[in-house]
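Engineer: Pasting a structure here, questions to come.
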Amino acid sequence: MKVSAIIPAYNEEERIGKVIQTATSCKLISNIIVVDDGSEDKTFEEASTYNVKVIRLPENQGKAQALKTALLYCDCDIVIFLDADLIGLRTSHIESLIYPLLFNNIEMTIGIFNSGRFFTSWAQKITPSLSGQRAFKGHLIKDIIDLDMEGYNAEIAITRMIKEKSIKAEHILLDGISHAIKEEKYGLSKGMYCRMRMYKEIIKYMMQ
Ligand SMILES: O=c1ccn([C@@H]2O[C@H](COP(=O)(O)OP(=O)(O)O)[C@@H](O)[C@H]2O)c(=O)[nH]1
Ligand SMILES: O=C(O)[C@@H](COP(=O)(O)O)O[C@H]1O[C@H](CO)[C@@H](O)[C@H](O)[C@H]1O
């Protein structure tokens, strides 16, 4: 059973190391693909210090394109998407996303932050369809590559595909996990600007 972990990363030099370390120490994961999505910081250099495949995009293309690029390199039974800015990721979180695909009739799991930091857990409870932590069976790789998605609408496009194709999906609560929010990464005004731009992309996609 081959499991590939995909970690898209844009300017995550300070955060990506911990996520890679946890993914590396998870025995279920066979290989890790980091996509450095045209970062201006040292994300590529930091990721390259680990024994993982690092793909460097020449310029920032958005999260959806970073995920699609990595999927083109995947020939595996199960794929797991992990954001590079996760805080408190443990191997047990990764296992809880993968196990249902091994033992149940489930095709995709969607991780929902639970009992971590209030704001991020609350946001994911309200909009679970936005969660970036997902594991899915290999037969869905081509379907996801073929999706018309860009920027931050990857998760909402995948969620729509789940409904349209009646894919068997399950939400998995991930205890004690969070992520660095945009305002923490970029400061208040730029963070809020990036957040609004993300919501605009998502809403535009939902209206199509
Ligand atoms: O243009 C981008 C924007 C984001 N990301 C990555 O996609 C994941 C989720 O993005 P972000 O952290 O901005 O979303 P949030 O977690 O704040 O919702 C993170 O690993 C980012 O580094 C990316 O690869 N390209
Ligand atoms: O939880 C949310 O509301 C958003 C926004 O997170 P921030 O609090 O702006 O860092 O984060 C998610 O949504 C993005 C779009 O679907 C995904 O790409 C992220 O992986 C996910 O964390």
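The values are calculated or read from the model by the stated rules, or taken from the named source; none is laboratory data. Since we're looking at a predicted model, the values are computed, not measured. Cβ placement follows ideal geometry from the backbone for every residue including glycine, while neighbour counts extend to all protein chains displayed. Remember, those area values only see protein heavy atoms, side chains included, never the ligands or the DNA or RNA. Shrake-Rupley method; radii C 1.70, N 1.55, O 1.52, S 1.80 Å.
Engineer: Only residues that are outside any helix (DSSP H, G or I) and not small (Gly, Ala, Ser): list them for region 28-46, please. Even if it seems obvious, please write down each step before you answer.
Structural biologist: Pass one, region 28-46, residues outside any helix (DSSP H, G or I): 28-42.
Result: Leu28, Ile29, Asn31, Ile32, Ile33, Val34, Val35, Asp36, Asp37, Glu40, Asp41, Lys42.
Engineer: Sticking with this structure for a sec: If Thr159 passes every condition in (1) within 13 Å of ligand 1 (Cβ to nearest atom); (2) under 26 Å from Tyr99 (Cβ atoms) but one, which one does it miss?
Structural biologist: (1)
Engineer: Okay, moving on. Filter region 1-28 down to residues that are within 18 Å of Leu72 (Cα to Cα), more than 16 Å from ligand 2 (Cβ to nearest atom) and aliphatic (A, V, I, L, M), then give me how many there are.
Structural biologist: Of region 1-28, the ones within 18 Å of Leu72 (Cα to Cα) are 2-9.
Going one step further and asking which of them are more than 16 Å from ligand 2 (Cβ to nearest atom), we end up with 2-4.
Within this subset, residues satisfying the condition of being aliphatic (A, V, I, L, M) are 3.
The total comes to 1.
Engineer: Quick check on Lys68: is it among the basic types (Lys, Arg) and touching a residue at least 60 places away in the same chain (Cβ under 8 Å)?
Structural biologist: Working: among the basic types (Lys, Arg): yes; touching a residue at least 60 places away in the same chain (Cβ under 8 Å): yes.
Taking the combined requirement at face value, the residue satisfies it.
Engineer: Out of Phe103, Phe119, I need the residue that is more than 16 Å from the chain's Cα centre (by Cα), within 12 Å of ligand 1 (Cβ to nearest atom) and loosely packed, with under 15 Cβ neighbours inside 10 Å. Which one?
Structural biologist: Details: Phe103 fails: within 12 Å of ligand 1 (Cβ to nearest atom).
Matching residue, one of Phe103, Phe119: Phe119.
Engineer: If you don't mind, there's one more thing I want to ask. Just name the residue that is surrounded by the fewest Cβ atoms within 10 Å (Cβ to Cβ) out of those in region 34-49 that are within 17 Å of the chain's Cα centre (by Cα) and among the charged types (D, E, K, R).
Structural biologist: Going through the qualifying residues, I end up with Asp37.
Engineer: Within region 2-22, is there a residue that is outside any loop (DSSP other than H, G, I, E, B) and touching a Pro at 6+ places or on another chain (Cβ under 7 Å)? Quick ask: steps written out before the conclusion?
Structural biologist: Looking only at region 2-22, we keep the residues that are outside any loop (DSSP other than H, G, I, E, B), and these are 3-9, 16-22.
Still in the running and touching a Pro at 6+ places or on another chain (Cβ under 7 Å): none.
Within region 2-22 (the criterion being outside any loop (DSSP other than H, G, I, E, B) and touching a Pro at 6+ places or on another chain (Cβ under 7 Å)), the answer is no, since none of the residues qualifies.
Engineer: Next question. Have a look at Glu170, Glu155 and point out the one that is open to solvent by less than 80 Å² (accessible area, probe 1.4 Å), closer than 22 Å to Leu82 by Cα, part of a strand (DSSP E or B) and in contact with a helix residue (DSSP H, G or I) (Cβ under 9 Å, 6 or more places away or on another chain). Give the steps one after another, and end with the answer.
Structural biologist: Working: Glu155 fails: part of a strand (DSSP E or B).
Within the list Glu170, Glu155, the selection yields Glu170.
Engineer: Which members of region 39-79 meet the condition of being of a type in the set (Ser, Thr, Tyr) and either within 28 Å of Tyr199 (Cβ to Cβ) or in contact with a Lys or Arg (Cβ under 8 Å, 6 or more places away or on another chain) (or both)? Lay out the reasoning, then the answer.
Structural biologist: Initial filter on region 39-79 (of a type in the set (Ser, Thr, Tyr)): 39, 43, 48-50, 69, 73.
Passing the criteria: Ser39, Thr43, Thr69, Tyr73.
Engineer: Taking only region 77-100 into account, find how many residues are surrounded by fewer than 18 Cβ atoms within 10 Å (Cβ to Cβ) and away from ligand 2 (no atom under 16 Å from the Cβ).
Structural biologist: So the count comes out to 7.
Engineer: Determine which single condition Phe113 fails, assuming it passes every other condition in (1) without any contact (Cβ under 8 Å) to a residue 12 or more places away in the chain; (2) of a type in the set (Phe, Trp, Tyr); (3) near ligand 2 (Cβ under 10 Å from one of its atoms).
Structural biologist: Tallying (1) without any contact (Cβ under 8 Å) to a residue 12 or more places away in the chain; (2) of a type in the set (Phe, Trp, Tyr); (3) near ligand 2 (Cβ under 10 Å from one of its atoms), Phe113 fails exactly one: (1).
Engineer: Contact list please: Cβ distance under 8 Å, first residue in region 182-208 and more than 18 Å from Ile87 (Cβ to Cβ), second residue open to solvent by 100 Å² or more (accessible area, probe 1.4 Å), pairs at least six apart or on different chains.
Structural biologist: Going by the 8 Å Cβ cut-off, the qualifying pairs are Glu201/Glu150.
For every residue, the table says whether it meets (1) touching a helix residue (DSSP H, G or I) at 6+ places or on another chain (Cβ under 9 Å); (2) open to solvent by less than 20 Å² (accessible area, probe 1.4 Å); (3) modelled with pLDDT of 95 or more.
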{"residue": "Ala123", "(1), (2), (3)": "yes, no, no"}
{"residue": "Leu130", "(1), (2), (3)": "yes, no, no"}
{"residue": "Phe136", "(1), (2), (3)": "yes, yes, yes"}
{"residue": "Met149", "(1), (2), (3)": "yes, yes, no"}
